[in-house]
Amino acid sequence: MEQAQRNIVIIGGGIIGCSTAYYLSRHPSYSLSTTNIIVLEASANGVAQGASGKAGGLIAKWAYPRELVDISFPEHVKLAEEHNGTERWGWRFVGCGSWEGKGEVLDESGTGVGKGGQRKSLEKTLGFEATAPLDVKPMRRADTGLPDDLNWVNEELTTSYSPMSGPGGTAQIHPYLFTISMLELAKEKGVQLVKGTAISVERVDNHVTGITYKDPSDPSRTKTLPASHVVLAAGAWSPSIIPSLPIAATRAHSVTIRPQADVMIAPYVLFTEILLPHSRLVSPEIYARPDNEVYACGPGDDSALPGNVDDVEVDLTACQSIRNHVASISEELGEGTVEKRQACFLPVVRTGGGPIIGEAGKIAKGLYIATGHTCWGICNAPGTGKAMAELIMGGKVRSGNLSKLAPSRFL
């Protein structure tokens with residue numbers, strides 16, 4: 001029996017969309033003669049312009065949801081081995097822990113919350129037990145649990161350090177480099193990138209037939225890509241295509257810091273609780289990267305989502321606050337140079353749980369949803385991409401049981 005032609009359009013060139021393109025192009029039943037795959041990206045600047053390019057890049061066995069992590073973590077290891085991820089996208093195992101202590105006053109620190117929104121938790125450590133109130137009395141290193149090689153936080157300001165996983169339980173990637181690598185590897189197999197803003201999913205007899213989008217070269221014109229299968233992986237912007245999706249947007253600010261040339265930053269990721277003067281508590285996350293860059297992010301906020309990822313506003317005051325917070329516990333980071341000040345929007349399922357992964361048959365046959373990954377989109381991209389490929393190319397997710405994430409439970 002002759003294989004019917006598949007025209008697959010992936011809406012969104014973030015880490016979820018590009019990983020899905022990669023796994024589709026590696027599926028055993030994929031063939032250029034029978035399958036056409038297009039990634040449709042709204043940004044004029046290319047892929048990975050949203051959260052996929054501005055996240056910390058943590059990969060953890062203790063992330064959530066567990067059924068997706070159990071697919072994703074070993075896939076990250078496999079991808080790094082197959083494609084030299086260490087050199088290509090900064091793959092490595094890292095120490096990861098919860099750090100508590102006192103911060104020194106350097107400059108006016110602020111809260112790190114972006115202007116125009118109220119504070120929202122990023123909930124990255126959801127599921128961990130709450131710790132005891134901070135005791136900021138000076139302690140010896142051995143008493144605090146601070147690792148001997150964690151050389152870029154002030155030992156005298158440390159109250160406690162607790163590892164969040166054993167050896168091999170936490171790793172990292174550079175998310176921008178990973179995303180563009182997934183697309184490059186997919187393009188080697190014939191996947192195409194098209195720039196344009198998706199407007200609507202076209203349907204006939206309750207089956208998808210195409211995607212109508214705005215042509216960036218002429219915004220007054222629309223075009224339609226034929227599609228037998230559509231994967232909606234537009235992150236926080238997904239409801240602009242399917243309004244019934246229960247997806248909210250959380251903005252998060254971050255900075256990258258380049259320490260001085262003679263300073264080597266040990267490979268650790270820290271979830272901090274810093275007690276500043278006047279009993280003010282701040283909780284930046286700090287990620288040491290392989291190229292000696294350090295990434296730090298603050299809390300989220302609920303500011304309004306713009307129409308396009310290229311229009312995300314960056315509150316420089318929030319970025320400065322994040323820099324000041326990490327500098328309050330680290331002379332090495334305080335003396336470094338801030339290279340990037342940025343913001344992105346994370347997609348969060350309004351009703352809790354998620355992400356939403358699977359075919360949305362109630363809306364249209366051939367429409368697949370892959371969004372709502374919160375702060376764990378980087379970690380769970382390979383598992384999502386693999387599941388999407390199995391579902392589209394083979395009709396069933398074979399690598400795990402993702403029934404709790406099915407669109408029918410959310411729509």
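The values are calculated or read from the model by the stated rules, or taken from the named source; none is laboratory data. Keep in mind that what you see is a predicted model, and the values were worked out from it rather than measured. Neighbour counts are summed over all protein chains in view; Cβ atoms, including those assigned to glycine, are modelled from backbone coordinates with ideal geometry. Ligands, DNA and RNA are excluded from the accessible area calculation, which covers all protein heavy atoms including side chains. Shrake-Rupley method; radii C 1.70, N 1.55, O 1.52, S 1.80 Å.
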TODO: Report the residue count in region 260-279 for those that are within 18 Å of E335 (Cα to Cα) and either over 24 Å from the mean Cα position of the chain (by Cα) or surrounded by fewer than 18 Cβ atoms within 10 Å (Cβ to Cβ) (or both).
DONE: 6
Task: Number of positions in region 288-310 that are of a type in the set (S, T, Y) and under 13 Å from A55 (Cα atoms) - done: 1
TODO: Could you grab me the full set of residues in region 211-259 that are within 30 Å of G334 (Cα to Cα) and open to solvent by 50 Å² or more (accessible area, probe 1.4 Å)?
DONE: R258
Task: Count - residues of region 147-167 that are touching a residue at least 40 places away in the same chain (Cβ under 8 Å) and part of a loop (DSSP other than H, G, I, E, B) - done: 10
Open item on the list: Cβ contacts < 6 Å: first residue more than 19 Å from A55 (Cβ to Cβ) and part of a strand (DSSP E or B), restricted to region 173-195; second residue modelled with pLDDT of 95 or more and of a type outside the set (A, V, I, L, M), any location; separation 6+ or different chain. Result?
Closed with: K195/E41
TODO: Answer with yes or no whether L305 is in contact with a Leu (Cβ under 7 Å, 6 or more places away or on another chain) and farther than 27 Å from M264 by Cα.
DONE: no
Task: Residues that are buried (at least 24 other Cβ atoms within 10 Å of the Cβ), over 17 Å from Y268 (Cα atoms) and in contact with a Phe, Trp or Tyr (Cβ under 8 Å, 6 or more places away or on another chain), drawn from region 167-182 - done: F178, M182
- [ ] Using the structure shown, decide if V282 is β-branched (V, I, T), in the same structural domain as V153 (by the TED database), at pLDDT 95 or above and over 17 Å from the mean Cα position of the chain (by Cα).
- [x] yes
Task: Matching residues in region 321-352 - criterion: being of a type in the set (S, T, Y) and under 19 Å from F271 (Cβ atoms) - done: S321, S328, S330
TODO: State whether the residues of region 66-74 include one that is in contact (Cβ under 8 Å) with a residue 12 or more places away in the chain, of a type outside the set (A, V, I, L, M), under 30 Å from Y161 (Cβ atoms) and open to solvent by less than 40 Å² (accessible area, probe 1.4 Å).
DONE: yes
Open item on the list: Going through L106, L122, L126 one at a time, which residue ends up being of a type in the set (A, V, I, L, M), at pLDDT below 95, open to solvent by 50 Å² or more (accessible area, probe 1.4 Å) and under 21 Å from the mean Cα position of the chain (by Cα)?
Closed with: L126
Task: Out of V94, V153, V113, sole residue that is under 30 Å from G13 (Cβ atoms), in contact with a strand residue (DSSP E or B) (Cβ under 8 Å, 6 or more places away or on another chain) and at pLDDT 95 or above - done: V94
